[in-house]
Amino acid sequence: MIFDTVAERRADIDAKQAALLPILTSMRVESLLLFMPAHVAWFTAGMQVPGFLPDSERPGIYTNGHQRWLVCSNIDTQRMFDEELDGLGFQVKEWQWEAGRSEFLAYLTCGNKVAADRPFPQIPLANEHLRQHLRVLSPFEQSQYRELGKLVAQAVEGTARHCVRGQTEQEIAGQLGHRLFHHGIEPVAVSVVADGRGARYRRSGAGISCVTQTAVIQATGCRNGLFATCSRTVSFGSVPSEFATAHDLAVKQAGSFRSWTKPNKTIGAIGGAGRAILAQSPFEFDYWLSPPGYGTGRFAAEFLGRPAHEEPLAAGNAVVWQPRVGPAAVVDTLLVTDAEPLAITPPEGWPVKRLVVRGGPPQDIADILVRDS
């Protein structure tokens, strides 16, 4: 299903606005102010505010459940409507940049019962009431998400196909960032791990180490307020035996995690189910070195609780699985459905390992790309 018209985006916003009415009633307030980027992107079905802004100047949303307004500085009004909100049913409440937002908000909320997602004096917080709405992606958002995931995977794979032996991690990361920006995707996190350094550093960025044999390339990209993450691995020449063993185990864990990615399961329980794969291997205790996955979607990374306090998954949730075994990592983003999970960052023209886990459908999980140079 493809959504590409203003009318379909507006219908998604209308539905979200209506969903806020019960929240306003339960909180005994008349209106709601949203300023957190995730909440604003959710309500507007994808509005993002580019550039560096102090939090005190960031545009937001004001709604009473029946009407909606963009709340912003006069610096931003024209561009926000021209590029983001035209035809979507928004009115505007504008402050003059010289006066600042705080005085304007005091005027806007005076005499009104208002809730907000930022702490303001005498105003209740609505964040916990919004949480479940943000975690479940609407059909419109899922369409945007599939396109984002496909492009993030293409950028990572394109970088892996064209990077050169001897380049530094930073040089390869720069190529990856360029590919993401080319598609209007903001690089939120880019990681390039050369020659098995992932065995020592489970949370890596990109440094000055040169790639001589293997590289694990990973990116998190953001567009329309949605986040998708994946990794791919390239080897110049034959794959070192230890790396190959670790990668095979990571692939098996990835298959196990995916097979359990269903409504009412928890990330902790799913991760625990994959621990047995490492038993009797040289990497038996690697499970303890990094978490198996985390929630994503409207947030780059969101841990959905700790053991015994976890939130169950629901259809429409997004999750990143990141089995890391020794120097290897197999990272992809999946969307939870009522049936089988949907890979948002599937390999395309890339070597894969095909697994069948617990009698389920075949899963194609990215393997290592072996290059001569």
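Each reported figure results from applying straightforward, stated rules to the coordinates on display, with no laboratory input. Since the model is a prediction, treat every value here as computed from it, not as a measurement. Note that each Cβ is placed from the backbone with ideal geometry, even for glycine, and that neighbours are counted across all protein chains shown.
Of all DSSP bridge pairs formed entirely within region 6-133, close to 45 percent run antiparallel. Between Ala314 and Asp364, the modelled label-to-label distance comes to 3.3 nm, taking each label 7 Å out from Cα in the direction of the beta carbon.
Take the Cβ atoms of Gln67 and Val188, set R0 to 35 Å, and the FRET efficiency comes out at 0.60. Residues whose amide H falls under 5 Å from that of Gly297, counting only those 5 or more places apart or on a different chain, are Phe227, with hydrogens built in the peptide plane. With the simple spin-label model, which puts each label point 7 Å out from Cα in the Cβ direction, the Asn264 to Arg203 separation comes to 3.4 nm. A simple spin-label model places pseudo-atoms 7 Å from Cα toward Cβ; at Asp14 and Asn112 they are separated by 2.3 nm. What number, in percent, do you get for the relative contact order of the chain if the mean sequence gap of Cα pairs under 8 Å and at least 6 apart is divided by its residue count? Once divided by the residue count of the chain, the mean separation gives 15 percent. FRET efficiency for the Arg79 to Val164 pair, using the beta carbon distance and R₀ = 35 Å, is estimated at 0.35.
Against the main long axis of the alpha-carbon atoms of the chain, helix 139-162 sits at an angle near 40°. Most tightly packed first, judged by the mean number of other beta-carbon atoms within 10 Å of their residues, the peptides 146-152, 329-335, 183-189 read 329-335, 146-152, 183-189.
Every helix of 4 or more DSSP H residues in the chain counts as -39500 (n - 2.57), and over all residues that averages to -9500 deg cm²/dmol at 222 nm.
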